Amino acid sequence: MQIKNNYFTDKQLIELLTTNDTSLLSKLHSHARFITKSIYSNDIYIRGLIEVSNYCKQGCYYCGINRSNNIKRYRLKKKDIVDTAKIGYNLGFRTFVLQGGEDPLLNDDFYIDIIKAIKNAYKDIRITLSIGLRDFKSYEQLKKAGADRFLLRHESANEFVFKKLHPKDQSLKTRIDALINLKKLGFAIGTGFMVEAPFSSINTHIEDIKLIRKLKPQMIGIGPFISHKDTIFKENKSGSSDLTTRLISILRIENPTALIPSTTALNSIDEYGRIKGILSGANVIMPNLSPKLAKNNYNLYDNKKNTGLEGAEDVLKLDKYLNRYGYKISISPGDNKGVRNGKIRR
Ligand code: SAM
């Protein structure tokens, strides 16, 4: 098969996702790397992840912090979050990702105050929100306050799989509508899915790839599903780094300018996951900046890594590690190259 710069046919996707032909796979990964480098050079963008709360009103069956789980809950204070961003800025971070469960007490005013405080302190930064489903008005207020990007994975583009992963009070349509609204409001949007989540298959992942073609997100985040001991999927096998990296390369080739992280989940199931993701075409890393209380209790799945190269303590060490493979950390907001002056080119 010839690997070119365009959308793959279904037949090609099936071949790429199932083949044992190592020379085809190495062509896939090297072409994805080539595309990334032609647009982003050897820059790897870093995002400081701040896990704001593990309270959640949603019941996603796969997630360790879902509303039914009996876990120690925490909620960071505004000051803790703003101070954490300050620490991050001094370490070299220019994007902060506020992520959390859908905590009913964290209303718009809470986030607006934080966004404004961080944005007033620093001009050369971006704020990404990853705080789940909210209504249009709320997204509008958050955008107005200065938030730049929003991550909301669609989780599975297949209706049957989506329903198996979520209780009845959630729907795939609601998630897709939210992503469309966020884009309309001017957010750079990110979507994605869990690789080899329960009930998913090569065919449903092809549906994921096709939904991403339609949504044209500026960011695409995928990582292997990893089981959590207190969920109904505790016996399910986790996703593999092999399939995850194939999908990263496919998504890179189909979405050349997308910002694609090599995720913590990938690095949690494979000790070389971080670099494997980058060598498959990813160009973003999201080290964990969270204070200890959050790091210890934001357990979406078992054995989640949050220290070493997953922690944010040692950006220099991470840079040295990447240098060995011909990459370097870029101290910059790291916008999608399809975004100019904060405005999205369509
Ligand atoms: N509540 C927000 C939302 O739904 O977008 C953000 C937090 S949510 C915990 C962040 C992401 O974690 C989800 O989009 C999901 O893909 C991922 N996640 C949750 N449980 C997981 C698991 N068991 N394995 C891998 N990823 C998981």
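The values are calculated or read from the model by the stated rules, or taken from the named source; none is laboratory data. No experiment lies behind these values; they were computed from the predicted model shown. Reconstructed Cβ throughout: ideal geometry from the backbone, glycine too, with neighbour counts over all protein chains shown. SASA here: full protein model, heavy atoms, side chains in, ligands and nucleic acids out. Shrake-Rupley method; radii C 1.70, N 1.55, O 1.52, S 1.80 Å.
Summary table
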quantity: Per the chain, cysteines lacking a partner by the 4.7 Å Cβ criterion; calculated: Cys56
quantity: Environment charge at Ser249 (Cβ cut-off 10 Å; Lys +1, Arg +1, Asp -1, Glu -1); calculated: +3
quantity: At R0 = 45 Å, FRET efficiency that the Cβ-Cβ distance of Phe160 and Lys320 yields, to 0.05; calculated: 0.50
quantity: Antiparallel %, DSSP beta bridges [both residues in the chain], to 5; calculated: 10 percent
quantity: Of the DSSP H helices in the chain, those whose Cα atoms cover at least 15 Å axially and whose Kyte score averages -0.5 or more; calculated: 22-40, 78-91, 108-121, 172-184, 202-215, 241-254
quantity: Dipole moment magnitude, nearest 20 debye, the chain about Cα centre, only Lys, Arg, Asp, Glu C-beta charged; calculated: 880 debye
quantity: Contact order relative to length of the stretch 188-312, as percent, for alpha carbon pairs under 8 angstrom and 6 or more apart; calculated: 24 percent
quantity: Placed amide H near Arg126: partners under 5 Å, 5+ positions off or other chain; calculated: Thr95, Phe96
quantity: Calculated from backbone phi, Karplus (6.51, -1.76, 1.60) coupling profile of the stretch 292-303 in Hz, x at Gly/Pro; calculated: 3, 3, 6, 3, 6, 10, 8, 9, 6, 8, 6, 6
quantity: Extension reserve of the Thr22-Lys168 stretch, reckoned as 0.36 nm per residue once the Cα distance is removed; calculated: 48.4 nm
quantity: Surface/4 of the Cα convex hull for the chain, nm²; calculated: 15.6 nm²
quantity: Solvent exposure of the stretch 251-320 as accessible area per residue, Å², 1.4 Å probe; calculated: 36 Å²
quantity: Theoretical FRET efficiency, 1/(1+(r/R0)^6), r = Cβ-Cβ of Asn296 and Lys137, R0 45 Å, to 0.05; calculated: 0.85
quantity: CD proxy at 222 nm, helix term only [per DSSP H run n ≥ 4: -39500 (n - 2.57); per residue of the chain; nearest 500]; calculated: -12500 deg cm²/dmol
quantity: Angstrom value of the Kirkwood radius, inverse mean 1/r, which spans all Cα pairs in the stretch 94-175; calculated: 14.0 Å
quantity: Net dipole in debye of the stretch 263-320 [+1 Lys, Arg Cβ; -1 Asp, Glu Cβ; about Cα centre; nearest 20]; calculated: 60 debye
quantity: Environment charge at Asn181 (Cβ cut-off 13 Å; Lys +1, Arg +1, Asp -1, Glu -1); calculated: +4
quantity: Gain upon complete extension [Lys328, Gln12; 0.36 nm per residue less C-alpha separation]; calculated: 110.5 nm
quantity: Qualifying trypsin sites (Lys or Arg not before Pro) in the stretch 162-192, DSSP loop, other Cβ atoms within 10 Å at most 13; calculated: Lys168
quantity: Computed over the chain: relative contact order in percent, which uses C-alpha pairs under 8 Å that are six or more apart; calculated: 25 percent
quantity: Two-decimal ratio, the stretch 1-83, of alpha-carbon radius of gyration to 2.2 N^0.38 Å; calculated: 1.79
